[in-house]
Amino acid sequence: MRRQTAVSVLCGLLFLFFECNAAWPQLADTPWPMFRRDARHTGLSSYSGSQTGTLLWSYETGSYVDSSPVVGSDGRVYVGSYDENIYALTSAGALLWSYGLKSEVVWSSPAIGSDGRVYVGTDGLGFYALTSTGSLLWSTHNPGGLYSSPAIGSDGRVYMGSWDYRVYSYTSAGSLSWSYVTGSYVYSSPAIGADGRVYVGSDDDNVYALTSTGSLVWSYVTGGNVWSSPAIGPDGQIYTGCSDNHIYALTPSGSFAWSYGTVYSVESSPAVDSSGQVYVGSWDDSIFAFTSTGSLLWSYLIPPGTFSSPAVDSEGRVYVGSYDYDIFALTSTGSLLWTYTTGAASVDSSPAIGSGGRLYVASWDNRIYAFYDPTATPTPTGPTPTPTLTPTITLTPTITATPTITPTSTKTPTGPTPTPGPWPMFRHDVRHTGQSSYKGSPAPGLKWSYVTGFRISYSSPAIGSDGTVYVGSQDDRIYSFSADGTLSWSYVTGWDVNSSPAIGSGGTMYAGSSDNRFYSLNADGSLSWTYETGYFVYSSPTIDSSGKVYFGSLDKRLYCLNAGGTLSWSYTTGNRVYSSPAIDLSGRVYFGSWDNRLRVLDSDGTLSWSYVTGESNTFWNAIRSSPALSDEGRIYMGSCDNLLFCLNSDGSFVWSYTTGLEVGSSPALGSDGKVYMSSYDNRLYCLTADGALSWSYVAGYRLFSSPAVDSGGTVYVGSWDNRLYSVNSDGSLSWSYVTADDIMSSPAIGSDGTIYIGSYDNRLYAIYVNVPTPTISATPTATPTLTGTPTPAATSTSSPTPTNTPLPTATPTITSTSTATPTRTPLSFPARVNFQPSGATAPDGYLKDSSDPYTPAMGYGWQ
């Protein structure tokens, strides 16, 4: 993009936020860490933006600001300026630091790495990496200026375009990985698909799709320069604007899907919401909203056009700058919410949405602006935590549907620990054995699948005694399904749900969210209470026999809450807590932390003992794995130093086993004493109780998913090669099932043998083949009745709210030849509201006739 983007990026080296791998740095998981917010360039926020346009503060730089702001997790705002500086401001608008770039203008947007580093590119050939305090770490030089803003792939590489006609891939240390030569300048900023492909436009009139290693997959010829940065929708469709006066939609294979003709050039980058609606600005004085199939929903005049790219908040409100000094806020239906006039200069910068309803945008009047609604901060719905924190979201969770649940007879299998259902929490039980009392499906038939609004990442399914299945998604929702795949209800939180649900007595469901809150929902999906922590909650809850709930947070604490949501106690560690706590029969609590320690707390929260995995408090020794406790009192856990540890109940070392790469998953324990674990080295391991290797199975790519073991010793695990594996007790492959993207989620086993697992392809899968007689390791008090594979009804009995409508995708290829029942998908919903209201008035100097809908005509009026 011309003046708009540029630059630099990112990727933290050590504090890998999502993946336990020091070699694969990540983009910071903050409200708005880079241009267009995320690698897919959706421009979609999980937070509600300003509804009133009240100015909170503005900060004056020494010259124009074309760069788009980015927002860190602590509320810091970073932006570049024509005055040859990169600025870091506090959330209150005070200067933290600035870094001078030696006669190099910053047109592009900074990007924040997971370790707090700030990356930026300049028009003077420089690519810089700065510390969070503003000191130079390193810099490199390109043959051409860097106007393109960078994107970070799952392999940790940074991708950006340059004026020397190339697309570049750099390591986080500044070394060149590869470059790809296009036919002209590359203003466009690359977007990264779920499959790792890199999409970017060029002044040679092409849109390119490249592999993560720099090979051409396809190119699509448009009718003009492509300065717009591509955006990728939830169905994988690619959207971009073009100087030939069109917005284009392309399929993932590079074929034409649809286009829409505007009057003038489209240099603005599209935004895409979770329902697939597309928003983009044009130089014909308009901002447009389309369905994913190209139907115009509405258009709004913002004379005299826009170069700014729109941002969309969690409520569907659209924010964009204008070439005529103004910042516009529109409702989800395309009517004006508010405007703010800057100091007589163009607003080419694209808005960024922070937590708490804050909106940031820069202008050519040399200023960065922050808008905020003082009354928008919600009162916490749960008890006040310790420490007391300012809520970070404005979204009040709502129930998306009234559930319809038909109770069935409760089966009580015998297992390591009595549980309220066949798989009621992450790792099955409070000791986190990952061991089921039921036999899993003998073949990979698809029973049903359900498409959520975004990927199911770390959240793993939980299964209640009536067969109800619960899972979280990065579309900000917690879902509840009946055993046949019918949606019972979904509940909207304030951000991604990566925590795995846990089911308590009476069907109460617990889960954490990246909105810094922990939720308790009733069996019908209504809110019971929430509790606010200091940061994201990735850890999955564990419920003890008294109803107390335990979970960790990235605010470095382990929490124990009473059943009513009040704080019983919390324990502060030295670093983030991803690990999910396990509880032994005496009530002691076991969990790991990124400060390289396994801790054991007594039931009152006092420290019993701790075990240190390494000499230094670094990523290399971090514990993301959740401990598993054996009948004999031994503790098993993985570590990022490539080891699986076995400890005695008093904390003394028993043995360790070295894998080829990090162990971020949690171990599973077989009924015969064997230990199963997966590793980033692509292997599933089976070890004897004394730590000797029994066998290993090599998958096609990394394993982060934690294995589940059925009653017959068959092991189930997901992989980044898009497959769910079923491995026999002797290490041979039983079967595999192919999904459409990576599997990070861990499998859960139902009482009829159904295997439930989530995937990055936005789906929850139920894998099951009917067999005449189920095999159960111990006789349950009520013999499970096995039914044939149900045929889902054409529509669900209830459906998600229209504000976050999931889109159906193609059914993945199945490795089995067995006939699968139809894939269940959510209902489709009508578009919100079409076009401008008939009573809308035209801006001064514009004409408007009485017909509907309105469309722009040559930039002079509506017709």
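The values are calculated or read from the model by the stated rules, or taken from the named source; none is laboratory data. Being a predicted model, the structure only gives us computed values, none of them experimental. Neighbour counts run over all protein chains shown; Cβ positions are idealised from the backbone, glycine included. Only protein heavy atoms, including side chains, enter the accessible area calculation; ligands, DNA and RNA are left aside. Shrake-Rupley method; radii C 1.70, N 1.55, O 1.52, S 1.80 Å.
Some notes on this structure:
- On inspection, Val280 passes the criterion of being surrounded by 24 or more Cβ atoms within 10 Å (Cβ to Cβ), modelled with pLDDT of 90 or more and part of a strand (DSSP E or B).
- Applying a threshold of 8 Å to beta carbon distances and a minimum spacing of six or more residues, or different chains, the list of pairs starting in the stretch 317-332 at a residue that is under 19 Å from Gly343 (Cβ atoms) and ending at one that is surrounded by fewer than 20 Cβ atoms within 10 Å (Cβ to Cβ) and of a type in the set (A, V, I, L, M) reads Tyr325/Ala344; Tyr325/Ala345; Phe328/Leu336; Ala329/Leu336; Ala329/Leu337.
One line per residue, one yes/no per condition, for (1) modelled with pLDDT of 80 or more; (2) surrounded by 24 or more Cβ atoms within 10 Å (Cβ to Cβ):
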residue: Ser139; (1), (2): yes, no
residue: Gly144; (1), (2): no, no
residue: Tyr147; (1), (2): no, yes
residue: Met160; (1), (2): yes, yes
residue: Asp164; (1), (2): yes, no
residue: Tyr168; (1), (2): yes, yes
residue: Ser172; (1), (2): no, yes
residue: Trp178; (1), (2): yes, no
residue: Ser188; (1), (2): yes, yes
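- Residue match in the stretch 82-101 (condition: touching a Gly at 6+ places or on another chain (Cβ under 8 Å), closer than 19 Å to Arg367 by Cβ, open to solvent by less than 10 Å² (accessible area, probe 1.4 Å) and in a loop (DSSP other than H, G, I, E, B)): no
- The C-beta contact set for the stretch 588-617 (first residue more than 14 Å from Val549 (Cα to Cα) and modelled with pLDDT under 90, second residue of a type in the set (Phe, Trp, Tyr) and open to solvent by 50 Å² or more (accessible area, probe 1.4 Å), distance under 7 angstrom, 6+ apart or interchain) comprises Gly614/Trp620.
- Among residues of the stretch 215-264, those that are among the small types (Gly, Ala, Ser) and open to solvent by 30 Å² or more (accessible area, probe 1.4 Å), counted: 9
- Filtering the stretch 170-211 to residues that are under 17 Å from Asp38 (Cα atoms) and of a type in the set (Gly, Ala, Ser) leaves Ser188, Ser189, Ala191, Gly193, Ala194, Gly196.
- Search result, residues across the stretch 550-575 that are open to solvent by less than 30 Å² (accessible area, probe 1.4 Å) and assigned to a loop (DSSP other than H, G, I, E, B): Ser553, Leu554, Gly565, Thr573, Asn575
- The selection criterion, being touching a Ser or Thr at 6+ places or on another chain (Cβ under 6 Å), touching a residue at least 24 places away in the same chain (Cβ under 8 Å) and open to solvent by 40 Å² or more (accessible area, probe 1.4 Å), holds for Ser694.
- Just one of the listed residues (Thr386, Thr377, Thr390, Thr341) is open to solvent by 20 Å² or more (accessible area, probe 1.4 Å) and modelled with pLDDT of 85 or more, namely Thr341.
- Selection of the stretch 328-338 for residues being closer than 15 Å to Gly357 by Cβ and crowded, with 20+ Cβ neighbours inside 10 Å yields only Ala329.
- Scanning the stretch 439-497 for residues that are within 21 Å of Gly233 (Cα to Cα), assigned to a strand (DSSP E or B) and in contact with a helix residue (DSSP H, G or I) (Cβ under 9 Å, 6 or more places away or on another chain) yields Arg477, Val492.
- Among residues of the stretch 648-661 that are farther than 26 Å from Arg683 by Cβ and touching a residue at least 40 places away in the same chain (Cβ under 8 Å), those with a beta-carbon under 6 Å from a residue that is of a type outside the set (Phe, Trp, Tyr) and part of a loop (DSSP other than H, G, I, E, B) at least six positions away or on a different chain give the pairs Ser649/Gly633.
- Consider the stretch 184-202 and keep the residues that are among the hydrophobic types (A, V, I, L, M, F, W, C) and in a loop (DSSP other than H, G, I, E, B). The one that is farthest from Ser219 (Cα to Cα) is Ala194.
- Residue list for the stretch 483-499, restricted to those being more than 14 Å from the chain's Cα centre (by Cα) and under 24 Å from Val537 (Cα atoms): Trp489, Ser490, Tyr491, Val492
- Residue within the stretch 577-588 that is farther than 20 Å from Met425 by Cβ and buried (at least 20 other Cβ atoms within 10 Å of the Cβ) present: no
- Positions within the stretch 438-455 being within 17 Å of Ser671 (Cβ to Cβ) and buried (at least 24 other Cβ atoms within 10 Å of the Cβ), in sequence order: Tyr438, Gly440
- Neighbours by Cβ (under 7 Å, 6+ apart or cross-chain): first from the stretch 493-515, touching a residue at least 12 places away in the same chain (Cβ under 8 Å) and closer than 15 Å to Ser580 by Cβ; second of a type in the set (S, T, N, Q) and part of a helix (DSSP H, G or I): none
- If you go through the stretch 519-549 and keep only what is under 17 Å from Val497 (Cα atoms), open to solvent by less than 10 Å² (accessible area, probe 1.4 Å) and assigned to a strand (DSSP E or B), you end up with Tyr519, Ser520, Leu521, Thr530, Tyr531, Glu532, Thr542.
- The stretch 500-514 - residue that is within 13 Å of Ser526 (Cα to Cα) and open to solvent by 10 Å² or more (accessible area, probe 1.4 Å) and, of those, farthest from the chain's Cα centre (by Cα): Gly507
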